[in-house]
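Working notes for the structure below.
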Amino acid sequence: MDLFDKISADIKSAMLAREKVRLETLRGIKKEFLEAKTAKGGDGSLSDEQATKILAKMAKQRRETAQIYDEQNRIDLRDNELAEAAVIEEYLPKQLTDEELTAELKKIIAETGAVSAKEMGKVMGVASKTLAGRADGKVISAKVRELLNN
C-alpha cells in the first residue's frame, strides 16, 4: 500500500473516530497529493518519494507557522498547527538522530571527495537527495558546514 492509499484509508478511520484535527490534516495531505498527481507535466502518478517530499514540506510549514503564532502569543493557533504537524510526521520516515546524521554525512563527504567548505554544494546536492524526509535541510546544511570546516 502506497502513501496515497494509506492516507485515503486513514481518512475513513478518522471520520469514524470523529477525530477532527486528524481528519482535516489528512484531507489536506490528500489534496496536496492530488494536486501533485494532476500537475501540469506530470504522468498522473505519485511515487512514495514524491509523497514524502510533500509531507516533509507540509510538516515544516506547520512548525514554522506554529513558531510565528508562538511569537505572537496565539497559543490556540500554535497548538492546532503543532497537532497537524504531529499527524503529518506520522507518515514521514523516522528522523535521523544527530549521531546517525553525522555518520551518513561523513560517508557522503568521503564519496564526493570534498575536503573544504568550498565544495559544500557538491556534498549538499547528494545529501539532500539521500536524506530527503529523514532530516531537515537546515540541520543537514549546518552539519555539513561543521564537518567540512574541521
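Just one of the listed residues (71, 32) is outside the structural domain of residue 131 (by TED's automatic domain parsing), over 15 Å from the mean Cα position of the chain (by Cα) and acidic (Asp, Glu), namely 71.
Just one of the listed residues (114, 103, 51) is touching an Asp or Glu at 6+ places or on another chain (Cβ under 8 Å) and within 23 Å of residue 130 (Cα to Cα), and it is 51. Among the residues of the range 118-150, those identified as over 22 Å from the mean Cα position of the chain (by Cα) and loosely packed, with under 14 Cβ neighbours inside 10 Å are 118, 146, 149, 150. With respect to the conditions (1) assigned to a helix (DSSP H, G or I); (2) surrounded by 14 or more Cβ atoms within 10 Å (Cβ to Cβ); (3) under 17 Å from the mean Cα position of the chain (by Cα), residue 79 falls short on a single one, namely (3). Are any of the residues in the range 107-115 in a loop (DSSP other than H, G, I, E, B) and either at positive phi or not assigned by TED's automatic domain parsing to the domain that holds residue 143 (or both)? For the range 107-115, residues in a loop (DSSP other than H, G, I, E, B) and either at positive phi or not assigned by TED's automatic domain parsing to the domain that holds residue 143 (or both): present. With respect to the conditions (1) in contact with a helix residue (DSSP H, G or I) (Cβ under 7 Å, 6 or more places away or on another chain); (2) part of a helix (DSSP H, G or I), residue 103 falls short on a single one, namely (1). Condition first: closer than 13 Å to residue 87 by Cβ and among the basic types (Lys, Arg). Now tell me which residues in the range 7-34 satisfy that. If the condition is that a residue be closer than 13 Å to residue 87 by Cβ and among the basic types (Lys, Arg), then 20, 22, 27, 30 are the ones that fit. Of the candidates 91, 69, the single residue that is modelled with pLDDT of 85 or more, in a loop (DSSP other than H, G, I, E, B) and surrounded by 14 or more Cβ atoms within 10 Å (Cβ to Cβ) is 91. Among the residues here, residue 96 does not qualify as assigned to a helix (DSSP H, G or I), without any contact (Cβ under 8 Å) to a residue 40 or more places away in the chain and of a type in the set (A, V, I, L, M).
Being in a helix (DSSP H, G or I), touching a helix residue (DSSP H, G or I) at 6+ places or on another chain (Cβ under 9 Å), among the charged types (D, E, K, R) and over 23 Å from residue 24 (Cα atoms) is a condition met by at least one residue of the range 122-136.
The values are calculated or read from the model by the stated rules, or taken from the named source; none is laboratory data. Keep in mind that what you see is a predicted model, and the values were worked out from it rather than measured. Counting neighbours? That spans all protein chains shown, and the Cβs are built from the backbone with ideal geometry, glycine included.
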